[in-house]
Amino acid sequence: MQNYRRHIEEHLLPVFEETALRDILAADVNTWEKQEREVGYAESSIKTWRGTLHLILADAVEEGLIDTNPAARRRGRGKRSGRSKNRGPEKAVTTALGILLIAERAALLSGRDDEFVAIVTKGFTGMRWGELVGLEEDYVRSASIRVEWQLYELDTGELHRCPPKDDSHRTIDIPPWHSELLIAHLAHNGRQKACSCHGRNYVFSGHRAANGAVRQVGAKLLDVARLAGVSTGTVSAVLNRPETVREATRQLVEAAISELGYVRGGASGVLAAHWRRNGFATWLFQPAVTGWYPRKAPSPARPVPLIGNPWPGIPVRGRNAAGRADACWLPIAKGLTPHGLRHTHRTLLVELGVPEKLIDDRIGHEDGSVQGRYTHVTALMRERLMEDLTRLWEAALDARREMCPTSPVQALDWLLRAD
């Protein structure tokens, strides 16, 4: 919705706002497209904006306001060669091991296991972002995840609870290892308090303080650091990874926390109920994928500073983080986005030779062809897929174990140490 609004307000209304629908001609659309190209916009962007215009005018045709759609392209005309030159780049994908490594890094960046479990879940189920954020505790079952709702982020910042895209309600089978991972995650976090925005209990929650929390009265992380005589990064480490901090230092920090009455999660102790798409992608996912924090004025893009031991490194925070670091991460899958994990999952299913009907059923797509209507998902297909996903996961764990037999991420460490 945000994209549609931007396309309309910035590229369509300035040209077509004062023109009656019936007076918009195909030549006018072609002229507008040529002008956008002359300004220097990318062909993929122009194609997207024309697609938005086509969608609007198609609705006008359907409502009887105009007879034909002037934004429709004539099919089968002109040269066929070179048509693909204006296509956007393909979505980057990764491997099962890539999913595991990215999940581990994201958990190290956030300081908790939630992001590890969430990214593994997204990569091994192909769930949409809104479906993952909107996954309620009641829909995690012993051998499946039920996709019944999604949280749709409006441009006002509000998260709206609504049915999944195209009403793609579905049950996603998960193998025993995945079920155990989710159940352990829920048990570790305990029964979460229902969020104030929807009154529901969600599997995953936000990782930063809710808006306004930092402006409320109460001790802050900086106050704890000053009283204990340590850096804010050390306080964060005590809160998130106490095993990495010396006993004496940990006791100092814990004493300061107790004396000040500091409550984790901002001055109010309240964490945001849900991830925000942009914040998650920018400050957790992309640094985990590329090893770099993005540019944020006035600071340029920079490598994630790490203490290299224990492997794969602990992110360093606070003053002079780069000076205290002794390592950084190499990229895993350059160009990968959270949505790219959905492409990754489908690609992995194709590699495994999973029938198209089962892939569509799992992803939430619908095949309206005759072949699609005459093919059906069977219990045997589902069983084979669970076995294949288990082999894929175990191979990824074995490869990760060869790199290092332990992990600073607790959930992964348990898995690596398991027989």
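Every read-out reported here was derived from the displayed coordinates using simple, explicitly stated rules and does not represent laboratory data. No experiment lies behind these values; they were computed from the predicted model shown. FYI the Cβ positions are ideal-geometry reconstructions off the backbone, even for glycines, and counts take in every protein chain you see.
Of the GluC sites (Glu not before Pro) found in the stretch 105-195, those in coil by DSSP whose Cβ has at most 13 other Cβ atoms within 10 Å are 158. Over the C-alpha trace of the stretch 213-260, radius of gyration and Dmax come out as 10.5, 32 angstrom. Among 113, 398, 59, the residue with the largest mean-square fluctuation in a Gaussian network model of the chain, with springs joining Cα atoms closer than 10 Å, is 59. Qualifying chymotrypsin sites (Phe, Trp or Tyr not before Pro) in the stretch 245-329, where qualification requires a DSSP coil assignment and no more than 14 other C-beta atoms within 10 Å, are lacking entirely.
Placing pseudo-labels 7 Å out from each Cα toward the beta carbon at residue 3 and residue 258 gives an inter-label distance of 5.3 nm.
Listed from fewest to most Cβ neighbours within 10 Å, the set 388, 367 follows the order 367, 388. The H on the amide N of residue 202, modeled in the peptide plane, is under 5 Å from the matching H of 137, 195, each at least 5 residues off or on a different chain. Length gained on full extension, residue 326 to residue 21, computed as 0.36 nm times the residue gap minus the Cα-Cα distance: 103.5 nm. Candidate values (i) 45, 25, 20; (ii) 43, 29, 22; (iii) 38, 24, 21 were compared with semi-axes √(5λ) of the Cα gyration tensor in Å computed on the shown model; the agreeing label is (ii). Contact order for the stretch 2-75, expressed relative to its length and based on alpha carbon pairs under 8 Å spaced 6+ residues apart, stands at 37 percent.
Taking GluC sites (Glu not before Pro) across the stretch 268-370, the ones in a DSSP loop with at most 14 further Cβ atoms lying within 10 angstrom of their Cβ are 366. Largest mean-square fluctuation among 91, 47, 334, in a Gaussian network model of the chain whose springs join Cα atoms under 10 Å apart, belongs to 47. Structural descriptor for the stretch 213-260: relative contact order 38 percent, calculated from alpha carbon pairs under 8 angstrom and at least 6 residues apart. Evaluating 6.51 cos²θ - 1.76 cosθ + 1.60 at θ = phi - 60° for every residue in the stretch 386-399, the Karplus couplings come out as 4, 5, 5, 5, 5, 4, 4, 5, 5, 5, 5, 4, 4, 5 Hz, glycine and proline recorded as x.
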